[in-house]
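*Asks:* My structure is below; once you've seen it, I'll send some questions.
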Amino acid sequence: MADVTFEQVTKRFRDHVAVNNLTLDIKDGEFLVLVGPSGCGKTTSLRLLAGLESITRGQICIGGRRVNELPPKDRDIAMVFQSYALYPHMSVFKNMAFSLELQGKSHAEIKQRVHNVTQHLGIGKLLHRKPKELSGGQRQRVAVGRAIVREPAVFLMDEPLSNLDAKLRVKARKEISKLHSTLKTTFIYVTHDQVEAMTMGDRIAVMKNGILQQVDSPSNIYNHPTNMFVAGFIGSPAMNFFAVQRIEQGEKAYLRLGQKLINLNQYLPQFLQDTGNRSFTLGIRPENIYHPRYLPPDIQGFKIRLVVSMIEMMGSELIVYFKTQDNLELVARLDSRIKVSPGESLDLLFDTQRIYLFDQNQQTI
């Protein structure tokens, strides 16, 4: 096992900066997820760590050892790719044994290692098959097993579940999480899927345009996002954002949301302090908007009249899209027992304990 450190790492491709001054410490045995939209630099960061790309500036250390100039084979890492990258002409056994053969391991040790891993992954009966004879889920297990048999210090996974169907992805997520708990080895996992990030990672590192935005536990990333990008990227459906203005009337302060005035003294005392700014962005997650008839205990807030524009039935809940009188749009996750129809007007309650304000630099206040 080993810790991993990125120290002010930058990667340029001609005029494009793919990774910009990345500083990140990954603990020994930790499961860290790099997440962000396509082109954010997460896969490039993984390839820099693996030695598949050269570093423009900065340094990477594995177990306290600088690895900038080391070839991939000497970094004590194993990588699982999105495409699985199995050798099509080799059997499952040969695919898994190949790296051990290159290391000069004995046939007995190779056979024992492959047997142990395949039994753990439930693919012991597939050893004679070629990759073309396997399903997507079986290929994914073989790719993971091929990495495990090497017993590396660090596992690198680049969107390994992207080619699986939705049901199989859920199962595979559990298997990889169990695998990490068993091996207790450092895992660094790249994905664009924020559900994978939230359910699998000990910590999540959110990236945008090559820049690390926030690194923290899934709970803190969700509840305490550092800026609008993180707040909007984590959560599904995404957080609702509205432009609001602070106004003063007598001794009271308000936020103007369209035609609605929100009394800060009454509803949002946490934002009463006057910072001198007058324009903000208000954010609230769809799951923090409630129908008054199905209001959980201890939830308080202000109501806004909304008009239903579209409904998505999800079984246990409704995803309902609304418009306000000012043509502002928002989405809410509501109890499935609610009977609503497009064009219907509703008074929904905004949970004031779960409201976020962002300044003009899109930073959380």
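*Asks:* Counting Lys and Arg as +1 and Asp and Glu as -1, what is the net charge of the other residues whose Cβ lies under 15 Å from the Cβ of Lys184?
*Replies:* Details: positive: Lys27, Lys178; negative: Asp3, Asp28, Glu30, Glu151, Asp202.
Cβ neighbours under 15 Å give a net charge of -3.
*Asks:* Order by neighbour count: Val307, Val117, fewest other Cβ atoms within 10 Å first, most last. Show your work: numbers first, answer last.
*Replies:* Details: Val307 15, Val117 23.
Arranged by neighbour count, lowest to highest, Val307, Val117 become Val307, Val117.
*Asks:* If you don't mind, another one. May I ask you to compute the full-extension gain from His16 to Tyr294, defined as 0.36 nm times their residue separation minus their alpha-carbon distance, rounded to one decimal in nm? Could the numbers behind the result be given before it?
*Replies:* Numbers: separation 278, 0.36 × 278 = 100.08 nm, distance 5.06 nm.
The span from His16 to Tyr294 would gain 95.0 nm if fully extended.
*Asks:* May I pose another question? Quick check on the chain: helices-only [θ] at 222 nm, where DSSP H runs of length 4 and up contribute -39,500 (n - 2.57) each and the sum goes over total residues. Nearest 500, please. Walk me through the numbers on the way to the answer.
*Replies:* On the way: 9 runs with 89 residues, N = 365.
Per the formula, -7000 deg cm²/dmol.
*Asks:* List His192, His16 from most exposed to least, where exposure is judged by having the fewest other Cβ atoms within 10 Å. All intermediate terms of the calculation are to be shown ahead of the outcome.
*Replies:* Working: His192 18, His16 9.
Listing His192, His16 from fewest to most nearby Cβ atoms yields His16, His192.
*Asks:* Helix 107-121 versus the longest principal axis of the chain: what angle, 0 to 90°, nearest 10, using Cα atoms?
*Replies:* Helix 107-121 sits at roughly 30 degrees to that axis.
*Asks:* Write down the percent of antiparallel bridges among all DSSP beta bridges whose residues are both part of segment 4-227, to the nearest 5. Could you put the intermediate results ahead of the total?
*Replies:* Working: 19 of 37 bridges.
If we restrict to bridges inside segment 4-227, about 50 percent are antiparallel.
*Asks:* Sticking with this structure for a sec: Please report the relative contact order for the chain, taking Cα pairs under 8 Å with a sequence separation of at least 6, and give it as a percent rounded to a whole number.
*Replies:* On the way: 722 pairs, mean separation 56.8, N = 365.
Relative contact order here is 16 percent.
*Asks:* Taking a threshold of 24 Å on the Cα-Cα distance, which of the pairs Lys125/Lys174; Lys27/Lys73; Lys11/Lys178; Lys94/Lys171 fall above it? Each step should come with its number before you reach the end.
*Replies:* Working: Lys125/Lys174 21 Å; Lys27/Lys73 22 Å; Lys11/Lys178 33 Å; Lys94/Lys171 26 Å.
The pairs that break the limit, which is 24 Å between Cα atoms, are Lys11/Lys178; Lys94/Lys171.
*Asks:* Once fully extended, how much extra length lies between Gln259 and Ala108, figured as 0.36 nm per residue of separation less the alpha-carbon to alpha-carbon distance? Each step should come with its number before you reach the end.
*Replies:* Details: separation 151, 0.36 × 151 = 54.36 nm, distance 7.61 nm.
Once the chain is fully extended between Gln259 and Ala108, it gains 46.7 nm.
*Asks:* Using the scaling law 2.2 N^0.38 Å as the reference, what is the normalised Cα Rg of segment 4-227? Could you put the intermediate results ahead of the total?
*Replies:* Values: Rg = 17.5 Å, N = 224, 2.2 N^0.38 = 17.2 Å.
Its radius of gyration relative to the 2.2 N^0.38 Å reference: 1.02.
*Asks:* Name the GluC sites (Glu not before Pro) in segment 174-269 that are in a loop by DSSP and that have at most 11 other C-beta atoms within 10 Å, would you?
*Replies:* Working: sites: Glu175, Glu196, Glu248, Glu251; in loops: Glu251.
Those that pass, being in a loop and sparsely packed, are Glu251.
Read-outs: derived from the displayed coordinates by stated rules, not from any lab. None of these values were measured; they are calculated from a predicted model. Positions of Cβ are generated from backbone atoms using ideal geometry, with glycine treated the same way; all protein chains shown enter the neighbour counts.
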